[in-house]
Amino acid sequence: NHNWHITDTLGEKIMAGNKKKEWTKKELEEFKILILEKRKVVIHDLETSKAKADEVLKNNSINAIYSSHIADAGTDQQEMEKNYYMMDREDTFLQYLNRALEMVEEGTFGICTNCGVLINKERLTEVPHTTSCFDCKSKAV
């Protein structure tokens with residue numbers, strides 16, 4: 001009986017035929033910190049987008065009084081739509097990050113809902129709210 005191992009892309013040892021089924025408390029804490037950092041950035045971006053949208057809205061009201069040029073109104077409208085689109089995207093991502101934090105607390109974070117194996121750390125770092133490992137995600141496409 002040989003006790004050999006394979007090293008994954010992050011240099012972690014995976015025992016052959018004995019894949020790790022759960023993250024350690026330390027690893028979960030590291031993921032939690034990562035998610036909270038991402039959350040902080042998203043909240044900041046959301047506030048920035050809202051401030052820009054409010055500014056465009058305020059300027060629209062002022063410009064409407066002084067300018068009747070249709071191109072100005074179109075540009076302002078486009079700028080406002082872009083800001084609302086960004087706010088919507090950021091808000092959706094924030095909800096995903098909040099869900100990831102819930103999964104950390106529930107103990108389901110980083111475990112593929114399809115096959116039950118641990119999702120690759122690199123994938124979780126990029127997409128912390130994912131519930132599928134790369135193989136299952138690839139099969140679904």
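Computed from the coordinates by the stated procedures, all read-outs in this text should not be read as laboratory data. Just so it is clear, the model here is predicted, and its values are computed rather than measured. Please note: Cβ atoms are built from the backbone with ideal geometry, for glycine as well, and neighbour counts cover all protein chains shown.
If you add up the charges near residue 85, with Lys and Arg at +1 and Asp and Glu at -1, over every other residue whose beta carbon is less than 14 angstrom from its beta carbon, what do you get? Don't skip to the end; give the middle numbers.
Details: positive: 50, 52, 82, 89; negative: 45, 79, 81, 88, 90, 91.
With Lys, Arg at +1 and Asp, Glu at -1, the net is -2.
Let me know the Kirkwood hydrodynamic radius for the stretch 73-141, please, with Cα pairs as the basis and the value in Å to one decimal. Write out the running numbers ahead of the final one.
Values: mean 1/r = 0.0721 Å⁻¹.
Its Kirkwood hydrodynamic radius stands at 13.9 Å.
What does the highest-first list of 128-137, 86-95 look like by mean Cβ count within 10 Å?
Numbers: 128-137: 17.8, 86-95: 15.0.
Descending packing order for the listed peptides: 128-137, 86-95.
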